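Only the coordinates and a few stated rules stand behind these numbers; no lab work does. Not measured: the values here are computed from a predicted model. Counting neighbours? That spans all protein chains shown, and the Cβs are built from the backbone with ideal geometry, glycine included.
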Amino acid sequence: MNSISQTLSYEETLAYLLDYIRPVNETRLIPLSDSVGYILAEDVICPIDIPAFNNSAMDGWAFSSLDIKPEGFTLLEVGSSFAGHPFEGILQAGQCIRIMTGGKVPEGADTVVMQEQVTADQKKITFPAGVNPGQNVRKKAEEFAKGSVCITKGSRICAPHINFLASLGIKDILVFRKIRVAFFSTGDELQPLGTPLKDGHIYDSNRYAISALLQQAGFDILDMGVVEDNPQSLRQTLLKAADCADAVITSGGVSVGKADYTRSVVEELGELVPWQCRIKPGRPLAVGKINSAYFFGLPGNPTATQITFMTVVRLALNMLAGSKETHFNFSEATASQAMKKRSGHTEFLRGVLFLENGKAMVKSAGSQKTGATASMFTANCLIYLPENHGPVTETETLLVVPFQSAYL
């Protein structure tokens with residue numbers, strides 16, 4: 001077994017994985033209605049202009065900006081334009097039409113005033129002072145022109161994408177196949193749920209957390225149960241998992257204790273990268289390959305298991321799946337309290353993000369010990385503290401990752 005030769009920072013770890021992992025390249029054409037959670041395998045080229053025509057952003061009246069007078073003005077209503085029922089003809093000087101939101105702005109018109117701001121006397125419509133040319137009109141192709149890239153390759157498809165793609169008339173899309181992830185727990189101390197807990201034993205909880213995290217992230221999963229703490233059982237299960245999955249995740253057994261066999265067995269069957277990541281919690285994370293499957297060994301502590309998955313493994317699996325989401329998108333929040341932190345490693349604190357007087361604030365979710373589990377479900381974000389960061393001071397601006405972003 002090779003000894004670990006170096007440690008990498010969190011940022012260096014992600015850069016290494018981006019170079020180490022080769023994304024899947026198998027694609028398939030699937031119906032748009034079935035595409036939630038898939039990764040786009042090509043840029044989507046806009047087949048039409050968006051908007052397809054000049055249209056109104058308000059219910060009101062449309063007219064030419066040439067008719068605008070600073071002190072106000074009156075025009076003659078000569079027709080209407082409702083969604084799906086455009087005004088036929090060209091609007092002339094001194095004329096206006098009734099228009100609804102989404103209605104096509106006819107030739108000869110370029111401005112809309114909302115209905116609450118006008119006075120109507122039969123067909124004579126009086127407009128107020130201060131009307132600006134072009135107001136309340138969404139112009140043709142102002143968002144996307146026909147032939148332009150509207151959604152980029154590597155995007156994970158969600159409900160807003162489907163809404164937009166349907167508005168383009170796109171029925172089928174090209175996606176990467178979903179990667180399959182096999183996972184199991186290791187440990188003679190683990191007991192199945194629903195059984196009386198024996199002395200010195202714990203329930204097998206990490207496997208359920210990993211399953212939930214993988215499903216939330218949109219991966220296909222294969223649960224391989226609990227494996228005994230012996231090399232032969234590990235060897236058989238790892239080979240079986242690597243034969244039918246793109247990635248294999250284990251929980252526990254990746255430290256350097258006498259009963260921690262996972263590292264040595266993985267090195268026997270394949271390879272482990274010769275480094276550890278300087279993050280807390282989660283330092284025992286192991287990364288490697290068995291045949292063509294990537295291997296990720298998570299620490300056995302439940303909190304470290306979840307945070308290491310969210311901060312490293314999920315992003316690595318995104319790389320494998322062809323997703324462009326390979327780094328966190330951080331938000332900013334102000335610390336509402338002081339928090340402990342030693343320099344020398346990147347730390348992800350469990351935090352509570354909240355609003356106070358319209359300002360984003362964050363505080364500790366409770367105990368940050370790796371054995372503290374309650375702070376994982378009372379938290380709603382991770383607080384990112386880089387290596388050179390020392391103790392957090394109150395009112396300091398911090399980078400945070402809301403759990404919605406960390407999970408998906």
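A few notes on this one:
- A value for Kirkwood radius over Cα pairs in Å was derived from the coordinates, and within the list (i) 26.0; (ii) 21.0; (iii) 25.2 it appears as (iii).
- Sequence-distant lysines (8 or more away, or on other chains) whose Cα lies within less than 19 Å of LYS198: none
- Per-residue Karplus couplings for segment 360-377, computed as 6.51 cos²θ - 1.76 cosθ + 1.60 with θ equal to phi - 60°, are listed in order as 6, 10, 9, 9, 5, 7, x, 4, 9, 5, 5, x, 7, 9, 4, 5, 6, 9 Hz, Gly and Pro entered as x.
- Projected label points at PHE377 and ARG22, each 7 Å from Cα along the beta carbon direction, are separated by 4.2 nanometres.
- Subset of LYS69/LYS104; LYS280/LYS369; LYS341/LYS363; LYS139/LYS324; LYS153/LYS289 violating a 21 Å alpha-carbon distance limit: LYS69/LYS104; LYS139/LYS324; LYS153/LYS289
- Overall form of segment 136-257 per C-alpha gyration tensor (a/c, 1.5; a/b vs b/c): prolate
- 14 Å beta-carbon shell around GLU394, net charge (K/R +1, D/E -1): +2
- Additional length obtainable on full extension of the chain from GLU332 to GLN404, 0.36 nm per residue less Cα span: 24.4 nm
- Applying 0.36 nm per residue to the separation of SER65 and LYS171 and subtracting their alpha-carbon distance, the gain on full extension is 34.2 nm.
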